[in-house]
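Scroll down for the structure; my scribbles are underneath it.
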Amino acid sequence: MTPVVGASRALRAQFFVLGVLFATWGVHVPTVKGHYGLSEQTLAIAMLASGAGALMALAQAGRIVGRWGPRAVAAAMGVLCCASIACLLAWPAYAALLAVMLVFGITGSLFDVALNTEATEIERLAGKPLMSGFHGMFSLGGMAGAGLGSAAPALGLSPQSHLLLATGVGAAIVLLASRAMLPVPKHEGGEKHPLSLPRGPLVLLGLLASMGLIAEGAMYDWSVLFMKQERASEASTAALAYASFSGAMALGRFGGDWVRARMSGTRLMRASGVLAAAGMALALAVPSPLVALLGFALVGLGLSNVVPVLFSAASQVPGVSPAHGIAAVSGVGYLGMMAGPPLIGLIAEHSSLTAGLVVVVAFATFMAFSARRAMRGH
């Protein structure tokens, strides 16, 4: 087995762990709320602490990964990220939760940038698209993490036992897999701008990533409620909204590298935007639960390769190291992920959830029309 093949397998395992960690946090949001006796507002502040930590880390991610290399950063931040999730219920004080969420935001974002930087190097050495498949493992990890979390009570696992099991196995995988990662060359002091802020071509790439992540977050946060509230679906049917979207996204990512090998980044971004916009418009326009599920699946398929394509493009911007490019685009994208759910909620509060989700149609359409300019040369 060549070093590139071994590194590719190791990286897939690490993306899987990252997906499991995010899903494990998502599964335990109600548990955390009850454990600390939080209101919706204080829970939102805790989530904001995670977002603030991520933005703080992303501002320096290019410098950190450039100095220490993706292998060292992934190993350290991956283990610390696991530790932060393991500590979600460790203390009774709300201040402790805020500290844990801050650490989760910092370590999770640095872990993510390190993995994507390694992915761009493996793509370069392999001479073929691989990024979508790596992100497919993140989606698969999310599905596995959510599945284990939902099955934990039936297996007799307490919330704390589940957290320790998921994060203990995850940390072991991170440490073993990091040993097989490639020693990507370090970049120390070679760039004019040490902060990972978007400049030049990265601005539009970051804007498109932000819109894509707003649309993705809207599906995770609002699709089930849309089915219940706007389509009067039963709970079992409404739950399929998340499954149809995430399942289609995982399939799209696993097939994305085959598509990217045969289609330019510009054409793929344009097709992705059109498909996502059409799927969301279909779900909103036709008053049928089954049609809505089909629409959500089309949105998932359309959005599946947006982030992998944009990260690959960001890693190839002239004069910018891959770590800086990915961190800059990630930072703007993360801002969108944070701002998107409140924006849709605000529109829904003053109008309807259907009106709020029109934002997804608008942003996906913008992605399609901006693809040529953003992906110039790709």
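Solvent-accessible surface of the range 312-378, taken per residue with a 1.4 Å probe and all protein chains present: 44 Å². Largest GNM mean-square fluctuation across Val358, Val73, Val29, computed for the chain with C-alpha springs under 10 Å, falls on Val29.
Accessible surface for His35 stands near 90 Å², nearest 10, in the context of the full protein assembly shown (1.4 Å probe).
Once the mean 1/r over all distinct Cα pairs of the range 219-268 is inverted, what Kirkwood radius in angstroms do you read off? Before the final figure, lay out the partial values.
Numbers: mean 1/r = 0.0803 Å⁻¹.
When all Cα pairs of the range 219-268 are included, the Kirkwood radius is 12.5 Å.
Solvent-accessible area of Tyr220, all protein chains in place: 80 Å² (probe radius 1.4 Å, heavy atoms, ligands and nucleic acids excluded). Full extension of the chain segment joining Arg9 with Ala95 gains 27.1 nm, where the gain is 0.36 nm per residue of separation less the Cα-Cα distance. Given a 1.4 Å probe and the protein chains as shown, Trp68 ends up with an accessible area of around 140 Å². Sequence-distant contacts, meaning Cα pairs under 8 Å at least 6 residues apart, place the relative contact order of the chain at 25 percent.
Helical content alone sets the calculated 222 nm signal of the chain at -27500 deg cm²/dmol, taking -39,500 (n - 2.57) per DSSP H segment of four or more residues and averaging over every residue. For the chain, modelled as a GNM with alpha-carbon contacts under 10 angstrom, which of Ala355, Ala364, Ala250 fluctuates the most? In the Gaussian network model the winner is Ala355.
Only Lys, Arg, Asp and Glu count, each charged at its Cβ (+1, +1, -1, -1), so figure out the dipole size of the chain about its Cα centre, rounded to 20 debye. It would help to have the intermediate numbers written out before the result.
Values: 22 positive and 13 negative charges, 215 e Å.
That gives a dipole near 1040 debye.
For Glu121, Glu234, give me the order by solvent-accessible area with a 1.4 Å probe, most accessible first, ignoring ligands, DNA and RNA.
Highest to lowest solvent-accessible surface, that is Glu234, Glu121.
Name the residue farthest towards the positive end of the dipole of the chain from the options Leu110, Met269, Met337, assuming +1 on Cβ of Lys and Arg, -1 on Cβ of Asp and Glu, about the Cα centre. Of the listed residues, the answer is Met269.
Note on the chain: with a GNM built from Cα contacts shorter than 10 Å, the maximum mean-square fluctuation among Gly247, Gly319, Gly69 falls on Gly319.
Given a 1.4 Å probe, how much area per residue of the range 1-57 is accessible, in Å²? Don't skip to the answer; put the middle values down first.
Values: 2480 Å² over 57 residues.
Accessible area per residue, the range 1-57: 44 Å².
Computed over the alpha-carbon atoms, the range 78-159 gives an Rg to Rh ratio of 1.09, Rh here being the Kirkwood radius from the mean inverse distance.
Label sites at Ser161 and Ala339, each approximated as a point 7 angstrom past Cα along Cα to Cβ, lie 4.5 nm apart. Here the calculated FRET efficiency for Tyr220 and Thr2, from their Cβ-Cβ distance with R0 = 41 Å, stands at 0.65, rounded to the nearest 0.05.
Only one residue of Met249, Leu293, Ser233 has its Cα farthest out toward the positive end of the dipole of the range 224-310, where Lys and Arg carry +1 and Asp and Glu -1 on Cβ, and that residue is Met249. Its convex hull of Cα atoms gives the chain a direction-averaged projected area, equal to a quarter of the hull surface, of 17.8 nm².
Give me Rg/Rg_expected for the range 236-372, where Rg uses Cα atoms only and Rg_expected = 2.2 N^0.38 Å with N residues.
Values: Rg = 15.8 Å, N = 137, 2.2 N^0.38 = 14.3 Å.
For the range 236-372, the normalised Cα radius of gyration is 1.11.
If I compute solvent accessible area with a 1.4 Å probe over the protein chains, what percent of it on the chain is carbon and sulfur? All intermediate terms of the calculation are to be shown ahead of the outcome.
Numbers: 10810 of 15770 Å².
So the carbon and sulfur contribution to the accessible surface is 69 percent.
Taking label points 7 Å from Cα along the Cα-to-Cβ direction, Arg67 and Phe366 give a separation of 3.5 nm.
Would you calculate the convex hull of the Cα atoms in the range 330-378 and tell me its volume per residue in Å³?
On the way: hull volume 3.5 nm³, N = 49.
Looking at the range 330-378, the number lands at 71 Å³ per residue.
The values are calculated or read from the model by the stated rules, or taken from the named source; none is laboratory data. In this text the structure is predicted, and so the values were computed from the model without any measurement. No Cβ is skipped: glycine too gets one built from the backbone with ideal geometry, and neighbour counts run over all protein chains shown. Areas reflect the complete protein model, heavy atoms only, side chains present, ligands, DNA and RNA absent. Shrake-Rupley method; radii C 1.70, N 1.55, O 1.52, S 1.80 Å.
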